[in-house]
1. When you scan segment 53-62, do you find a residue that is of a type in the set (Val, Ile, Thr), assigned by TED's automatic domain parsing to the domain that holds Arg122 and surrounded by 16 or more Cβ atoms within 10 Å (Cβ to Cβ), even just one?
2. Can you pull out every residue in segment 65-86 that is touching a Pro at 6+ places or on another chain (Cβ under 9 Å) and surrounded by 20 or more Cβ atoms within 10 Å (Cβ to Cβ)?
3. I'm checking my understanding of the structure. Among residues of segment 1-33 that are among the polar types (S, T, N, Q) and surrounded by 13 or more Cβ atoms within 10 Å (Cβ to Cβ), which one is farthest from the chain's Cα centre (by Cα)?
4. Here are some residues: Arg184, Arg147. Which one is in a strand (DSSP E or B) and of a type in the set (Lys, Arg)?
5. Could you check how many residues of segment 85-109 are farther than 16 Å from Ala135 by Cβ and at pLDDT 95 or above?
6. Out of all the residues in segment 70-114, which are closer than 21 Å to Tyr19 by Cβ and of a type in the set (D, E, K, R)?
7. Filter segment 124-160 down to the residues that are without any contact (Cβ under 8 Å) to a residue 12 or more places away in the chain and within 30 Å of Ile224 (Cα to Cα) and list them by number.
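The values are calculated or read from the model by the stated rules, or taken from the named source; none is laboratory data. Predicted, not measured: the structure shown is a model, and the values here were computed from it. Cβ coordinates were reconstructed from backbone atoms using ideal geometry, including for glycine residues, and neighbour counts include every protein chain displayed.
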Amino acid sequence: MKFISRVLLPLALLGYIGYETWLKLHHLSLCSATGCKLAGELLRFPSIYLNYMGMAAVGAILLFGLLSLFRPTFEKLYFIALYAAVAFESIMIGYQLFANPEPCFFCLGVYGGLLLIALASRPAWFLYSLPLIFAIFFALGDLAIPRNAPLITEEGHYLIASEHCPHCKNVKSYFDQHGILYTRLPVSAPSVRHLAKALGIDEIPILIERKGNLTTIRYGDRAIIGHFEKKSREAQSPAQAPTEAAPKAEDLLGENGGGCNLDTVTENPNGGCEESPGIRLR
């Protein structure tokens, strides 16, 4: 059994990773799912180097496993290398599960192979490691990890807003009363907050308007509502008078336009907000 768990299974896993590495070098892959392509985008370096790292790790497991059959002193090194690889791959898979719409199936194959080797090598130690593996997934699940998926997919208006921000409510009320269609992006979502920070904007509401190959960004209720008021005036002919029933921008904005502090709104969602040029994201 030791020969199977410490030599044959690691050898098979090494061959699996090696074959995928050879395919990648020839611009092919065992896995064509979207998750496999997205997994490479999460790395700071070309994904092929992760294959090399995997081959080196499994090669060490195979070497120490083979030597442990003849010299028991290498058994500790074998298990250290094995569970270090299991912990590393647990983090990689866990991050993919929370960041990507789907995980990389090749990575799942590697992870399954490592778990099988650990279970076959010493079942009791494998059971002892399960709380650690669950802890890794639980910890990653607690983090506000942005989703690796596009937020702006079609033409139209996208409004980054909060449910409790009165300035966001001003914009939403204006849009509803003037029949302006939009997609709401809740600022509570990590991906939305990440987008706002990537744009260098630390206040909401934020309006992203995509039309053809042109994308415009405006933030603050005065700027957003003022933009549509200007468009409305430009669309009217000189002979046309404004509709009396239509609410004025000033009525919607009240005395204070702009935004408010995010921390104040979050801590006291039913109350007012501390006035500032915009609602702070951090």
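1. The initial filter retains those residues of segment 53-62 that are of a type in the set (Val, Ile, Thr), namely 58, 61.
Filter again for assigned by TED's automatic domain parsing to the domain that holds Arg122, leaving 58, 61.
Next, only the ones that are surrounded by 16 or more Cβ atoms within 10 Å (Cβ to Cβ) stay: 58, 61.
Within segment 53-62, one or more residues are of a type in the set (Val, Ile, Thr), assigned by TED's automatic domain parsing to the domain that holds Arg122 and surrounded by 16 or more Cβ atoms within 10 Å (Cβ to Cβ).
2. If we filter segment 65-86 for residues that are touching a Pro at 6+ places or on another chain (Cβ under 9 Å), which is where we start, we get 65-66, 82.
Of everything in segment 65-86, those that are touching a Pro at 6+ places or on another chain (Cβ under 9 Å) and surrounded by 20 or more Cβ atoms within 10 Å (Cβ to Cβ) turn out to be Gly65, Leu82.
3. First pass over segment 1-33, keeping only residues among the polar types (S, T, N, Q): 5, 21, 29, 32.
Then keep just the ones that are surrounded by 13 or more Cβ atoms within 10 Å (Cβ to Cβ); that gives 5, 21, 29.
Values: Ser5: 36, Thr21: 26, Ser29: 24 Å.
Among them, the one singled out is Ser5.
4. Working: Arg147 fails: in a strand (DSSP E or B).
Checking each option against the conditions leaves just Arg184.
5. The number of residues fulfilling the criteria is 1.
6. Glu89
7. Pro150, Thr153
Condition check ((1) under 16 Å from Pro166 (Cα atoms); (2) crowded, with 19+ Cβ neighbours inside 10 Å) across all residues:
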| position | (1), (2) |
| --- | --- |
| Lys197 | no, no |
| Ile201 | no, no |
| Leu207 | yes, yes |
| Lys211 | no, no |
| Leu214 | no, no |
| Tyr219 | yes, yes |
| Ala223 | yes, no |
| Ser232 | no, no |
| Ala235 | no, no |
